[in-house]
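The values are calculated or read from the model by the stated rules, or taken from the named source; none is laboratory data. All values reported here derive from a predicted model rather than from experimental measurement. Cβ placement follows ideal geometry from the backbone for every residue including glycine, while neighbour counts extend to all protein chains displayed. Keep in mind that these areas ignore ligands, DNA and RNA; they rest on the heavy atoms of the full protein, side chains included. Shrake-Rupley method; radii C 1.70, N 1.55, O 1.52, S 1.80 Å.
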Amino acid sequence: MKGFTKTINMNLEGLTDEEKIYYHRIEAFLIQSLIYLKPNFKLYHLCAKIDYSTINTSKLIKRIYGVKFSELINRYRIDYFDKEIRRSLKYNEKFNITDIIKQSGFETRSLFYFKYKEIRGMSPKEFHNLWFWIKTAINLAIPAPSTSQCFKKELIGSRSTFLFHKRPFH
């Protein structure tokens, strides 16, 4: 889950030792098992695996990530989708967008596009065009547009987020 496209932000300030333990269990379980790719994955599945109550897990997720459980899972799914698209493009593999959407844990294309635009602030095509342009500019040492033209990095306490501003790409 590393890279400039990361949509999962964390605030670990002020956690008790017990909360830190459960945070690490949550992270390890989600990342290692990739269970968030299952469309029917629910909070109670996570709670059963980390042995923590649903109420406490829900509160902890809200406190650490600043979002509800379902939103956190959608962010993991979108990061997975982006990673798979970039991998396919990198190796010039043919791919079916609907298949990758389903592999990412979304049951419908419409839900995927709605959540993608809600989280990224642009469509998947716009986002990947921007990503490809930035990567190409970095690889070729082409001067990129100013940061205010493409994106603005905003620091909030220990959270770091990228806010993408819509603008036409030519």
- Query: Can you tell me how many residues in the range 5-50 are farther than 27 Å from residue 103 by Cβ, crowded, with 16+ Cβ neighbours inside 10 Å and more than 21 Å from the chain's Cα centre (by Cα)?
  - Reply: 1
- Only residues that are touching a Leu at 6+ places or on another chain (Cβ under 7 Å) and open to solvent by less than 10 Å² (accessible area, probe 1.4 Å): list them for the range 51-92, please. 57, 61, 64, 76
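Those residues that are acidic (Asp, Glu) and more than 18 Å from the chain's Cα centre (by Cα), I need them from the range 88-117; list them, please. Show your work before the answer.
Keep residues of the range 88-117 that are acidic (Asp, Glu), which gives 93, 99, 107.
Result: 93, 99.
If you scan the range 93-107, which residues turn out to be open to solvent by less than 40 Å² (accessible area, probe 1.4 Å) and touching a residue at least 40 places away in the same chain (Cβ under 8 Å)? Quick ask: steps written out before the conclusion?
Step one: list which residues in the range 93-107 are open to solvent by less than 40 Å² (accessible area, probe 1.4 Å), which gives 100-101, 104-106.
104, 105, 106 - these are the residues of the range 93-107 that are open to solvent by less than 40 Å² (accessible area, probe 1.4 Å) and touching a residue at least 40 places away in the same chain (Cβ under 8 Å).
Okay, residues lined up against (1) in contact with a Cys (Cβ under 9 Å, 6 or more places away or on another chain); (2) closer than 25 Å to residue 126 by Cα; (3) of a type in the set (Lys, Arg):
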residue	(1), (2), (3)
49	no, no, yes
56	yes, no, no
80	no, yes, no
102	no, yes, yes
108	no, yes, no
- Task: Run residue 82 past the list (1) in contact with a helix residue (DSSP H, G or I) (Cβ under 6 Å, 6 or more places away or on another chain); (2) of a type in the set (D, E, K, R); (3) in contact (Cβ under 8 Å) with a residue 24 or more places away in the chain and report the number of the one that doesn't hold.
- Result: (1)
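From the residues in the range 109-123 that are within 20 Å of residue 34 (Cβ to Cβ) and touching a Lys or Arg at 6+ places or on another chain (Cβ under 9 Å), which one is least open to solvent (accessible area, probe 1.4 Å)?
We begin by selecting, within the range 109-123, every residue within 20 Å of residue 34 (Cβ to Cβ); these are 111-112, 115-116, 119.
Those still in the list that are touching a Lys or Arg at 6+ places or on another chain (Cβ under 9 Å) too: 112, 115, 119.
On the way: 112: 1, 115: 37, 119: 30 Å².
Selected residue: 112.
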